[in-house]
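Notes follow the structure.
Each reported figure results from applying straightforward, stated rules to the coordinates on display, with no laboratory input. Everything numeric here is computed off the predicted structure, so don't read it as measured data. In this analysis, Cβ positions are derived from the backbone assuming ideal geometry, glycine residues included, and neighbour counts consider all displayed protein chains.
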């Protein structure tokens, strides 16, 4: 192999190395120039499957990577054994600042329920951090007795832990159930129902029910025959005719009496007018005029007393008409009461 061949091989190796460095720089330039903020959270459960470099996602979008995993007692002076996880987050993806923990916008997002929790990626056992907004009342921050070095984002319990706690609570409730006692109660209830069913005379009750229905049908048939009978129809027609005749008589008598009562004041006025004319013509007859005036006064008193009697008579006639009208309506509605009086006594079977 001559010197030219070595030169070509060396030039190829150098060119490949330069291209590889340029590719790495170009591909990593985006992440190198992104603004990142370091935040920390504390987890009160196992972080098995979470390693340095694991992803942190917000609703499926990659927003950062895990940079440190340790215990809180190794960094802070505390007896609480939480897992300390520090994450580098791309700060320009959120609308609130992540670098300043005292910023009102950052505190407002934490109050709204911005939390971080552990999540599993499929069935491979690889874990990552998931950031999302959760119910702040059901996911309160962990109690800490130190001042965090970086902005602190509270954590929430993972879904696997929540599911395990729910299953454990259900199993604990099952353990508290008195299964033998419930079984004994059910067996006692079934025995009581069986005994009651055996002691009941179902055939006798059915026979009595059939007899009762037969009597009811017979009574109903008799009522239909009674209502459809011509005697009842004739009685109703006669009662209606009698009521109409009585009403006509009362109406005919009421008109003349009312006319008489209406004419009495006019007659009295005419008599008074006549007396006045007689007084004017016969001024020289005082005694006759006095007697005539007394006579007219007596006549007025007599007419007044007769007027009350006449009005009383008219009222009596109206009452008689109303009674006849009520009798006619009752005979139409309750024909059996008009014919038989009181209703028939109840059946003995019904009394049982």
* To do: Go ahead and run the numbers for FRET between residue 145 and residue 96, Cβ-Cβ distance against an R0 of 22 Å, rounding to 0.05.
  => 0.25
* Structure fact -> Note: region 35-159 at 37 °C, 0.692 mPa s; Kirkwood Rh on alpha carbon pairs; Stokes-Einstein D in µm²/s works out to 224 µm²/s
* Pair residue 51, residue 211: separation of 7 Å Cα→Cβ label points (nm) -> 9.3 nm
* residue 248 versus residue 313: modelled label distance in nm, points set 7 Å from Cα along the beta carbon direction -> 2.2 nm
* Structure fact -> FRET efficiency for residue 240 and residue 320 from the Cβ-Cβ distance with R0 = 22 Å, rounded to 0.05, comes out at 0.85
